[in-house]
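Data block below; observations after.
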Amino acid sequence: MTEMRTLKVALLGCGNVGAQVARILIEDADALAARTGARLELGGIAVRNVNAPRDVDLPQELFTTDAETLVKDADLVIELMGGIEPARTLILSALRNGACVVTGNKALLAQDGPTLYEEADKAHVQLSYEAAVAGAIPILRPIRDSLSGDRITRVLGIVNGTTNFILDQMDSTGAQFADALAEAQRLGYAEADPTADVEGHDAAAKAAILASLSFHTRFALENVHCEGITKVSAADIAAAKDAGFVIKLLAIAEKLTDAEGKEGVSVRVHPTLLPREHPLAAVRGAFNAVFVEAENAGELMFYGQGAGGTPTASAVLGDLVSAARRLVLGGPGRTETTTGHVPALPIDAAVTSYYIGLDVADQPGVLARIAQLFAEHGVSIEIMRQTIHRDAESKTESAELRIVTHRASEAALAATVEAVKGLDVINSVTSVLRVEGV
């Protein structure tokens with residue numbers, strides 16, 4: 001009987017995810033060997049502090065601060081350090097040494113993915129990153145492999161659990177943003193500094209990765225229009241609910257044709273109103289989901305836990321088994337295809353419906369003037385609702401106007417809003433949010 005090959009694995013980083021990956025590699029060694037055809041030997045774990053307390057009890061002799069040497073001796077490298085450096089340098093070193101790499105580093109992939117992909121192609125090794133988007137949800141491999149014979153037209157994703165939890169709390173309890181954020185931090189869903197989540201930066205990095213795979217073109221973080229949820233108020237949530245919508249932070253990548261007839265892809269992250277019957281509207285708490293539209297497959301949705309040590313470790317191990325199999329069987333590694341070369345379109349090219357909140361004077365003719373201004377700019381109104389507010393002390397009245405438009409270009413909508421601000425009957429434009437799924 002032929003002796004089973006041993007593949008040495010280097011693990012860079014031992015946080016929540018890294019610790020669970022190490023545990024599974026040790027505890028499930030026999031099962032992983034049966035699936036891959038090789039023994040996966042954990043050669044070491046590179047960390048900044050070998051004596052730091054950890055939630056998982058792991059052999060102390062595995063820990064080292066010498067990541068460079070660990071990488072040089074490995075067949076497979078798992079990078080879970082996060083950040084740009086030294087992760088970038090270590091990954092490049094691993095690829096150039098002929099090692100397959102598994103990473104969950106969405107920020108690095110969004111910022112400098114093309115360099116890493118090119119190095120993997122040159123070395124004929126595999127660079128895998130399922131854990132970089134939506135945690136445990138298998139979404140990147142289905143887009144890359146299962147839908148490779150189809151044409152994806154649009155991807156909409158709830159890819160950040162922190163913001164989904166906050167918006168869900170605001171929707172279900174009526175909480176203000178600050179209170180919902182505090183609850184997310186108390187439960188461990190949000191960091192002490194939640195900027196990357198609530199400002200949309202985390203989702204934007206994932207949107208760039210999803211767009212790159214979906215449209216076979218390399219998109220970087222700079223190609224993604226990004227807006228966070230910090231300006232979403234309890235009043236916006238309540239008004240959306242009253243109109244039959246829920247507000248979600250969506251990552252959207254879709255193929256469009258701009259006003260000049262140029263075909264391209266719009267990649268954007270922003271708060272979005274969804275009809276409550278839309279599948280993504282039912283995604284609650286810190287869960288993630290990705291909704292894919294393809295020419296032949298139609299509509300598909302992938303749903304599950306988008307974060308957490310054990311769920312994300314599942315995605316890492318899936319990539320690791322795939323890479324190990326390729327090393328055992330031989331042949332080049334599979335990363336991505338970049339045959340599309342579709343340009344990134346600016347946000348002005350996006351076409352969607354809009355929700356606009358206005359504080360207006362309560363006097364005759366206001367609605368007609370606003371409707372006429374919308375019509376002049378080519379933006380059609382689908383729903384218009386008015387609520388009268390009376391101030392008992394000043395004995396004055398004002399009106400709150402909520403408008404949902406038919407689909408229009410971002411450029412047309414922006415021009416309309418600027419024109420509306422100039423009307424003497426407008427006290428303020430309280431909110432402008434995009435609407436999908438109508």
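The values are calculated or read from the model by the stated rules, or taken from the named source; none is laboratory data. The structure presented is a predicted model; accordingly, all values stated were derived computationally and were not measured. Don't worry about glycine lacking a Cβ; one is built from the backbone with ideal geometry, like all the others, and counts go over all protein chains shown. These area figures cover heavy atoms from the full protein model, side chains too; ligands, DNA and RNA do not enter into them. Shrake-Rupley method; radii C 1.70, N 1.55, O 1.52, S 1.80 Å.
Here are some notes:
- Multiplying each eigenvalue of the alpha-carbon gyration tensor of the range 96-179 by 5 and taking the square root yields semi-axes of 34, 17, 10 Å, largest first, rounded to whole angstroms.
- A Stokes-Einstein calculation at 37 °C with viscosity 0.692 mPa s, built on the Kirkwood radius of the range 71-213 over Cα pairs, returns a diffusion coefficient of 196 µm²/s.
- Difference of contour (0.36 nm per residue) and Cα-Cα distance, Val50 to Arg284: 80.5 nm
- C-alpha long axis of helix 161-173 to longest principal axis of the chain, angle in °: 40 degrees
- Hull volume per residue, based on the alpha-carbon atoms of the range 135-201 and their convex hull, is 117 Å³.
- Evaluated with a Cβ-only charge set (Lys, Arg +1; Asp, Glu -1), the chain carries a dipole of roughly 760 debye about its Cα centre, given to the nearest 20.
- With the helix formula -39500 (n - 2.57) applied to DSSP H stretches of n ≥ 4, the chain reaches a computed 222 nm mean residue ellipticity of -10500 deg cm²/dmol.
- Residue with peak Gaussian network fluctuation, the chain [Cα springs, cutoff 10 Å], from Gln20, Gln363, Gln126: Gln363
- Pairwise centroid distance, computed over Cα atoms, of the range 29-83 with the range 190-246, Å: 33 Å
- The phi torsions of the range 121-138, fed into the Karplus equation with coefficients 6.51, -1.76 and 1.60 and a -60° offset, translate into couplings of 4, 4, 8, 6, 10, 9, 10, 10, 8, 4, 6, 6, 10, 6, x, 6, 5, x Hz, rounded to whole numbers, with Gly and Pro shown as x.
- Principal-axis tilt of helix 410-421 within the chain, Cα atoms, nearest 10 degrees: 40 degrees
- Normalised by 2.2 N^0.38 Å, with N the number of residues, the alpha-carbon radius of gyration of the chain equals 1.11.
- Cβ-Cβ FRET estimate between Glu299 and His406, R0 fixed at 22 Å, reported to 0.05: 0.50
- Dividing the convex hull volume of the alpha carbon atoms of the range 57-110 by its residue count gives 92 Å³ per residue.
- Per residue, the range 354-438 exposes 52 Å² of accessible surface when a 1.4 Å probe is rolled over the protein heavy atoms with every protein chain present.
- When the solvent-accessible area of the chain is split by element, carbon and sulfur atoms take up 48 percent of it, the probe being 1.4 Å.
- Among beta bridges from DSSP that stay inside the chain, the antiparallel ones total about 70%.
- Förster radius 56 Å - calculated FRET efficiency between His389 and Asp121 (Cβ-Cβ, nearest 0.05): 0.35
- Förster radius 60 Å - calculated FRET efficiency between Asn97 and Ser380 (Cβ-Cβ, nearest 0.05): 0.50
- Above 18 Å, the calculated P(r) of the range 1-122 contains 51 percent of its Cα-Cα pairs.
- Relative contact order (percent, whole number), the range 97-195, Cα cutoff 8 Å, 6+ residue spacing: 19 percent
- Amide H contacts of Phe63: Ile45, each under 5 Å away and 5 or more positions distant or on a separate chain (H built 1.01 Å from N in the peptide plane; Pro and chain starts excluded).
- In degrees, nearest ten, helix 87-96 long axis to first principal axis of the chain (Cα): 50 degrees
- ³J(HN,Hα), Karplus 6.51/-1.76/1.60, whole Hz, each residue of the range 56-73, x for Gly, Pro: 10, 7, 10, x, 4, 5, 6, 7, 8, 9, 9, 5, 4, 5, 4, 5, 4, 9
- Å² per residue, accessible surface of the range 1-146 at 1.4 Å: 45 Å²
- With the alpha-carbon atoms of the range 29-79 aligned to their principal axes, the span from lowest to highest coordinate is 34, 26, 17 Å, starting with the largest.
- Ranking Pro142, Tyr129, Gly174 by how far each Cα lies toward the positive end of the dipole of the range 101-223 (charges on Cβ) leaves Pro142 at the top.
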